[in-house]
1. Could you look through region 279-300, keep only residues that are buried (at least 18 other Cβ atoms within 10 Å of the Cβ) and over 16 Å from the mean Cα position of the chain (by Cα), and pick out the one that is farthest from residue 167 (Cα to Cα)?
2. Scan region 25-43 residue by residue and report those that are among the hydrophobic types (A, V, I, L, M, F, W, C) and either assigned to a strand (DSSP E or B) or under 17 Å from residue 292 (Cα atoms) (or both).
3. Kindly establish whether residue 227 is in contact with a Lys or Arg (Cβ under 8 Å, 6 or more places away or on another chain) and surrounded by 19 or more Cβ atoms within 10 Å (Cβ to Cβ).
4. Considering 59, 87, 92, which residue is free of Cβ contacts under 8 Å to residues at least 40 places away in the same chain and closer than 19 Å to residue 150 by Cβ?
5. Quick check on my filter: what residues within region 32-58 are surrounded by 15 or more Cβ atoms within 10 Å (Cβ to Cβ) and either charged (D, E, K, R) or closer than 29 Å to residue 69 by Cα (or both)?
6. Restricting the search to region 163-206, which residues are farther than 14 Å from residue 148 by Cβ and either polar (S, T, N, Q) or without any contact (Cβ under 8 Å) to a residue 12 or more places away in the chain (or both)?
7. Could you check, for region 317-326, whether at least one of its residues is over 20 Å from residue 111 (Cβ atoms) and of a type outside the set (D, E, K, R)?
Amino acid sequence: MEMRVDFHTHIIPEDIPNFAQKFGGERWPTLEKTCSCGANIMVAGKVFREVTDQVWSPEKRIADMDKEGVDIQVLSPIPVTFSYWAEPEAAEEMSKIQNDFIADTVKKYPDRFIGLGTVPLQDVEVSIREMDRCIHELGLKGIEIGTNINGKNLDDPAFTKFFEMAEKWEVPLFIHPWETLGRERMPRHNFMYTVGMPSETALAAASLICGGVMEKFPGLKICFAHGGGSFPYILPRLDQGWKVWPELRQISNPPSHYAKNFYFDSLNYDPLNIKYLVERFGHEKVVMGSDYPFLLREIPPGKVIDDTIELTEEQKQDMLGKNALAFLNIEIKEEIKS
């Protein structure tokens with residue numbers, strides 16, 4: 001039985017509080033309704049993104065899923081809400097509101113949604129506490145984190161304890177670009193989305209490997225958004241750097257040795273790129289993801305996998321659904337309706 005699981009979708013509560021009024025500061029995202037079925041996500045008094053009710057309404061999402069052939073969506077917060085820059089207690093409150101909303105949505109429609117949470121990584125002890133609540137109380141299946149925390153790469157020692165606990169509790173991590181490097185050079189052409197985000201994702205993946213996080217915690221389950229950005233294509237260059245600069249090594253083996261543990265969503269738009277991911281990492285490490293409901297999303301979800309003629313039907317079925325459930329530690333039989 002083919003099942004389509006869209007691993008990469010974003011959601012926000014319709015009634016998210018105005019944290020700018022409550023805590024002060026201009027960087028809090030707020031939702032300003034423009035009509036009954038639309039709104040603007042506002043940051044610092046400017047429109048960050050125009051959205052429709054797809055971004056908050058489970059019922060609208062289900063209607064789209066039925067139209068586009070998706071059985072299950074994996075819900076995750078919009079990265080602009082990570083709020084790593086804020087005071088930890090305020091960011092924890094923002095996290096809790098979103099995590100509770102996602103958990104409630106899953107509880108209301110358990111056959112259609114799976115939830116990922118968010119944590120305030122600027123304070124690792126607080127983030128571990130909220131991860132514990134997400135996984136062991138709310139029943140969420142993983143945590144979405146950003147590619148950096150206030151300019152610190154993910155191999156910074158400040159985050160070691162977080163990754164240690166994620167491995168111990170077997171918490172899958174979905175890493176999504178945010179606060180993209182080089183933003184000041186990308187105001188034109190929306191390069192932040194098309195160039196900056198793939199580069200930012202590559203930096204995060206390379207940091208986790210070359211900084212020794214993956215060697216220290218080999219049981220970590222990590223999936224990168226947008227097909228891993230540019231990381232899969234620069235991996236041979238990372239290997240070459242490891243080879244020619246032995247004095248910089250913090251790991252025992254070339255970077256490609258550790259990359260075999262990574263998963264990637266399929267959002268790279270081109271069967272040539274899907275074929276490359278499969279050949280380098282194995283089809284088991286690719287999960288279907290569309291970036292619903294935003295402009296750069298794939299419609300219908302899974303199209304690039306369907307169009308990759310080199311894949312067998314079994315490989316396609318794995319990538320379209322089974323791999324995502326396996327990554328999230330969910331038994332397939334739980335999700336098939338009797």
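1. Residue satisfying both the conditions and the ranking: 283.
2. So in region 25-43, the residues among the hydrophobic types (A, V, I, L, M, F, W, C) come out as 28, 31, 35, 37, 39, 41-43.
Scanning region 25-43 gives 31, 35, 37, 39, 41, 42, 43.
3. On the way: in contact with a Lys or Arg (Cβ under 8 Å, 6 or more places away or on another chain): no; surrounded by 19 or more Cβ atoms within 10 Å (Cβ to Cβ): yes.
No.
4. Within the list 59, 87, 92, the selection yields 92.
5. The initial filter retains those residues of region 32-58 that are surrounded by 15 or more Cβ atoms within 10 Å (Cβ to Cβ), namely 39-43, 49, 51, 53-58.
The answer is 39, 40, 41, 49, 51, 53, 54, 55, 56, 57, 58.
6. 168, 184, 185, 186, 187, 188, 189, 190, 191, 194, 195
7. yes
Just so you know, all these numbers are worked out from the coordinates, no wet-lab data involved. Quick caveat: nothing in here was measured; it's all calculated off a predicted structure. Counting neighbours? That spans all protein chains shown, and the Cβs are built from the backbone with ideal geometry, glycine included.
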